[in-house]
1. Which count do you get for residues in the range 39-51 that are exposed (fewer than 13 other Cβ atoms within 10 Å of the Cβ) and in a helix (DSSP H, G or I)?
2. Does any residue in the range 16-33 that is surrounded by 10 or more Cβ atoms within 10 Å (Cβ to Cβ) and hydrophobic (A, V, I, L, M, F, W, C) come within less than 7 Å, Cβ to Cβ, of a residue that is in a helix (DSSP H, G or I) and at pLDDT below 95 six or more places away or on a different chain, and which pairs are these?
3. Could you say whether any residue in the range 5-20 is part of a loop (DSSP other than H, G, I, E, B) and either of a type in the set (Val, Ile, Thr) or modelled with pLDDT of 95 or more (or both)?
Amino acid sequence: MNNHNEALAVKEKSNGQELSKVRTTIGLKAATKSKLDNNRAPGQCYDGFICQLVDLWERSNGNGNR
């Protein structure tokens, strides 16, 4: 994330909490979860790994400057 997006995330609130600290649940197929498990670093949280994937996607598709 760039500094602009980080600043926005800190300013946005959801139910009185900083948006960056709010947790959600997403549904995944078992096969998708298995791919995540097989490719993330040992002990790495899903959030961190998914953030890395999104950052890579944005860089490779020229969308990193939003």
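1. Of the residues in that region, 4 qualify.
2. LEU19/ALA9
3. Taking the range 5-20 first, the residues part of a loop (DSSP other than H, G, I, E, B) are 12, 15-16.
After this cut, where a residue has to be either of a type in the set (Val, Ile, Thr) or modelled with pLDDT of 95 or more (or both) as well, the list is none.
So far as the range 5-20 goes, no, none of its residues is part of a loop (DSSP other than H, G, I, E, B) and either of a type in the set (Val, Ile, Thr) or modelled with pLDDT of 95 or more (or both).
The values are calculated or read from the model by the stated rules, or taken from the named source; none is laboratory data. These numbers come from a predicted model, not from an experiment. Cβ coordinates were reconstructed from backbone atoms using ideal geometry, including for glycine residues, and neighbour counts include every protein chain displayed.
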